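Data first, discussion second: the structure below is written as structure tokens.
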Amino acid sequence: MEIMEEGNLMDRIPILLQRDLEYYEVLAGNDTANQKVLQENICPGVVGGKLDFPRSASFASVKIVKWLEDEYFAAYRKNSGLLDLDDVLRDNQGKESDDAAGCGGIVKSSDPEKFVLLVVKSVDNMLEHLHTLSQEALDHADLTVLTATIGASALIKNSLFIWLGCVTKNVCPPKGDEKGGSLKMSYKQYSEMTEALAERLLDLHCRLLTMYIIQDADSLHWESQHPFFESERGSYTVQLWWLYMQGTKQDLWSSVPPTMAQRVFAGMLNETLTVLTVRYTQTVPSRARSTLLLVDISNILLCAGVLLPAICENGEAFVGLNISNQSKIIRDIHSKCQELFCCLLLRGVPLGVLYKITKKGVNSIAMFNQRQGLITPWTIFALPKLFPTNQNGHWATRCSELPTNTALSLELKVLLAAPQANWWLILKALLMREAHLSSLIFHHLIKNVPSGDNYINSSKQPSINRESMSRKCDGFLCGLECNDIVQWSLEQKDPIGQTNYQVLMGLTYIVIIAGKTSDVNRTLISALEKSKLNDWASCLDRRQVWNQKRPPWLEAILHLVYPILDPIIPHAGRGCSKHRKCLPGNVPVVVLLFGNILPAEIRPLGDSVLIQVLYMALYSKLLEAAESEAEAEQKEQKESKDSQTPPAPPPEGYVSTINMKPRSVICQTLAEAICFIDEDNKHTEQLNSLIAQARESQRAASTLETEMEEAVGLSFASTSKIDELDAFVHHTPSVRSEEEFDVENAEYIAELLVSDVVVSAVGKLSMKMIYQYIRKNIEWILQQLGVSDVEVNPQPNPGQNIKEEQQTLIDIMFHIGNQSFDQLLSGQLDIDYNSWFQTPMSMSAEKAWLQVSQRWEFQPSAKLSVHEALMVSFITSVLKP
């Protein structure tokens with residue numbers, strides 16, 4: 001769509017909105033099926049988050065945000081943080097050159113008050129436009145146009161939120177009052193608009209489901225004396241409901257903001273379960289259709305077990321633990337599924353078995369006992385692999401009491417079912433239960449990394465060389481957050497090997513930053529000891545300081561050291577730097593653990609792994625500085641040659657006074673000199689002195705932190721590392737308090753720990769890499785945990801998938817997860833009624849009788865044998881109030 005980019009903003013916006021509406025009306029007039037709104041994608045790295053950015057937005061909304069951001073820059077001469085700063089500066093540099101050209105340029109001026117007024121008027125016009133489009137979408141039940149208006153509303157709402165935090169003028173008239181300025185009022189309007197559109201989207205889906213999907217006269221003809229489909233399958237109704245829910249979930253996940261998508265899907269699941277629960281618990285089927293009722297209910301429960309993780313925050317919500325603290329919609333879904341499960345048991349139990357159970361008396365039936373704080377029984381039924389009968393998971397009152405394989409599997413199912421990555425949940429899964437998942441991945445992949453000769457040079461690693469991942473996507477608001485190591489690894493000669501390398505590097509970084517000392521022992525140290533790699537420690541020998549091809553675990557450790565060298569490198573060749581920066585408290589602990597398992601033939605610098613690591617990091621940083629300085633010098637020489645002017649004299653202290661050598665040469669010389677440190681034990685005394693100073697520094701830091709803790713308290717991160725500092729000082733590894741810092745104890749622990757990880761670019765890349773690895777290898781992980789529904793098939797590279805497997809439409813239609821439909825008919829599902837009747841379910845005898853009385857045997861017209869009639873009579877006398 002071609003639009004006018006110059007001129008007064010308030011003249012351009014009405015034209016833009018008119019063209020946008022014409023585009024929709026022209027398509028609608030040509031072909032009703034092709035009604036749509038022109039849209040632009042949002043950068044995947046921006047989608048979701050705290051503000052819940054949409055995946056796409058209308059072209060008109062994107063243009064308005066760009067224009068208003070330009071007005072913000074004109075008013076404040078700085079960027080608000082909404083758009084990528086580099087793009088804004090580049091655009092404005094071009095404008096400044098136009099301004100300098102004289103009368104040919106247009107000088108744009110603004111002020112904070114004018115900016116607020118422009119924003120308010122612009123978004124008000126857009127609000128009216130969105131009302132028109134949304135009404136058209138609702139009139140025609142057009143989901144495409146409705147999701148486009150939702151994206152536009154969400155984008156402008158989030159933009160207003162960012163501008164609200166940046167503006168210095170709070171203009172009230174002509175809109176607003178003493179409680180808030182006009183921007184705040186506009187933000188409130190768009191928030192209400194976005195929520196209202198989400199409600200309309202939910203209402204539209206629920207109407208489609210209830211009116212068309214779960215209505216089937218043939219399969220719902222419960223009084224028929226003929227079995228449905230010769231009792232060879234369940235009803236079409238449940239299968240179509242399952243297919244619609246799965247398809248709609250994929251559509252929501254790819255069209256509307258992630259958090260909103262979860263809310264809409266949760267509402268759909270809750271509303272349809274209401275209809276299905278009422279229908280199946282109140283139905284009185286004939287003898288021929290009784291089997292269909294049981295098959296349908298079992299299918300619904302199994303489907304709910306697959307759909308529910310998509311709307312849960314954690315494993316506890318999934319299985320109904322701590323149910324009183326869960327959201328209302330989660331409580332409602334568990335309640336309805338439990339009603340269906342009780343209906344299945346009471347309608348499906350054979351008459352003879354029910355007679356024997358009731359013969360012992362109502363008080364002996366544990367089903368009528370209270371079940372407070374335990375896992376909801378229907379989830380145990382729907383997830384038999386996670387709750388085997390030989391384990392005590394049925395009686396757990398919190399996730400920490402569940403077996404390791406069950407607890408991990410629940411968190412992973414919730415993690416992967418969500419529309420966006422949940423970083424704290426990823427960290428929780430990696431570190432819970434003594435870092436069981438991290439240990440599993442580490443021990444497997446350490447055997448499958450490339451050989452040392454095939455390692456990629458450190459300077460070319462994407463975690464250091466950002467140019468390898470500097471390609472911007474076509475999405476709006478792109479700030480390169482969409483780039484990750486996954487795509488880079490796939491483009492290498494050995495994509496599987498390089499992916500394994502990056503996963504191990506990321507996992508090492510995460511475990512060292514956020515894990516306990518015991519976690520490092522169980523993952524990194526244990527894997528290296530058991531890997532049977534003879535040369536794993538050769539990289540720590542003093543003769544390998546120069547080697548830039550390093551194993552992934554060492555590369556991760558060096559990334560923890562690089563930040564402390566950044567203030568030092570610029571002073572190379574100028575003498576001592578005044579900058580002082582301490583090592584992270586976890587690095588000395590890790591290198592101490594390495595020192596305990598180092599082979600006898602390996603001799604690091606100064607016989608200290610810590611010194612070896614420090615000088616390896618310093619060597620790499622000097623090489624990097626030499627390369628960047630050389631490029632700068634070449635550029636300066638070229639500019640001087642082109643301008644034909646003598647170069648400006650260097651500032652004092654910029655170059656070494658020794659022979660006036662360029663800094664690139666100085667950095668290169670210093671780097672090469674590091675390789676000869678401690679040659680023939682020349683510097684042993686100095687290195688020993690450095691080690692002693694490091695220990696004294698750590699001891700002083702530990703004493704200072706103890707005093708600070710008593711006086712003002714410590715941050716979570718520093719507190720969590722005190723025992724590691726003590727371990728280094730006293731040469732004995734110490735384990736942080738398992739109870740106090742266990743990620744399973746509270747969500748905020750994982751949230752605080754993950755904030756330490758993602759604060760750096762390497763941490764962000766590591767989290768993304770681990771998330772993608774888990775997604776693509778989830779079946780292998782579940783098989784290793786012993787909870788997979790998929791049969792183990794020999795694979796060429798187990799646990800090393802680099803592409804995510806997608807289910808076909810046929811698989812989704814005829815399978816619930818990895819199991820087929822109608823398992824009750826095929827014999828795959830065997831219900832132990834005696835065991836379930838002895839399971840507390842908080843059910844009353846009155847409710848039980850309500851279900852039992854609707855069985856076909858208890859109907860007045862039922863034709864029973866004498867034996868059956870006697871059993872019916874006895875059961876009635878026991879259960880009927």
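Each reported figure results from applying straightforward, stated rules to the coordinates on display, with no laboratory input. Here the structure is a predicted model, which means the values were calculated and not measured. Backbone-built Cβ (ideal geometry, glycine too); neighbour counts: all protein chains shown.
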- Would you kindly derive the ³J(HN,Hα) couplings of the stretch 116-130 from the backbone phi angles with the Karplus curve 6.51 cos²θ - 1.76 cosθ + 1.60 (θ = phi - 60°), listing them in order in whole Hz, with x for Gly and Pro? 4, 5, 5, 4, 4, 5, 5, 6, 5, 4, 5, 5, 4, 4, 5
- Query: Which residues does a label at residue 460 reach in the stretch 481-506, if reach means a backbone N under 20 Å from a point 7 Å past the Cα toward the Cβ?
  - Reply: 484-506
- Message: Starting from the 7 Å offset along Cα-to-Cβ, what nm value, one decimal, do you get for the label separation of residue 842 and residue 761?
- Response: 5.2 nm
- Message: Multiplying the sequence separation of residue 401 and residue 448 by 0.36 nm and subtracting their Cα-Cα distance, what value in nm do you get?
- Response: 13.5 nm
- Message: Over 22 Å between Cα atoms: which of 428/621; 50/764; 428/764; 428/516; 385/413 fall into that group?
- Response: 428/621
- Can you check what the Kirkwood hydrodynamic radius comes to for the stretch 323-395, Cα pairs only, in Å to one decimal? 14.1 Å
- Query: Once Lys and Arg get +1 and Asp and Glu get -1 on their Cβ, which of 782, 763, 816 lies farthest toward the positive end of the dipole of the stretch 746-819?
  - Reply: 763
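Kirkwood hydrodynamic radius (Cα pairs, Å) of the stretch 743-831?
16.4 Å
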- Item | About the Cα centre, charge dipole magnitude for the stretch 469-569 (Lys/Arg +1, Asp/Glu -1 at Cβ), debye | 320 debye
- Note on the structure: FRET efficiency (residue 114, residue 25; Cβ distance; R0 51 Å; to 0.05) is 0.90
- Task: Once you have the Cα-Cα distance between residue 132 and residue 607, take 0.36 nm times their residue separation minus that, and quote the gain in nm to one decimal.
- Result: 163.5 nm
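Can you work out the FRET efficiency for the pair residue 797 and residue 866, with r the C-beta to C-beta distance and R0 = 60 Å, to the nearest 0.05?
Working: r = 65 Å, r/R0 = 1.09.
Once rounded, the FRET efficiency stands at 0.35.
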- For residue 789 and residue 392, what does the FRET efficiency come to when R0 = 22 Å and r is the distance between their Cβ atoms, rounded to the nearest 0.05? 0.50
- Under 5 Å from the placed amide H of residue 38, counting only residues 5+ away or on other chains, we find 59
- Which far-off residues, 5 or more places away or on another chain, put their amide H under 5 Å from the one on residue 816, with H placed in the peptide plane? 821
- Message: Pairs of alpha-carbon atoms within less than 8 angstrom and 6+ residues apart define the contacts here; what relative contact order does the stretch 194-294 have, in percent?
- Response: 45 percent
- Item | Kirkwood Rh (inverse of mean 1/r, distinct Cα pairs), the stretch 343-483, angstrom | 20.6 Å
- Quick numbers on the stretch 424-468, Rg and Dmax over C-alpha atoms in Å, give 14.6, 38
- Note on the structure: Quick calc, the stretch 775-881, dipole around Cα centre from Cβ unit charges on Lys, Arg (+) and Asp, Glu (-), nearest 20 debye, gives 340 debye
- Message: List the residues, sorted by chain then number, that are 5 or more residues from residue 56 or on another chain and whose placed amide H is less than 5 Å from its amide H.
- Response: 42
- Would you mind calculating the gained length between residue 195 and residue 751 on full extension (0.36 nm times residue separation, minus the Cα-Cα distance), in nm to one decimal? 197.4 nm
- Message: I want to check the label-to-label distance for residue 877 and residue 675. Put each point 7 Å from Cα in the C-beta direction and report it in nm to one decimal.
- Response: 9.9 nm
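Take every Cα-Cα pair in the stretch 176-328 and report what % of them are more than 20 Å apart.
59 percent
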- Task: Restricting things to alpha carbons, find the Rg to Rh ratio for the stretch 481-547 using the Kirkwood radius for Rh.
- Result: 1.03
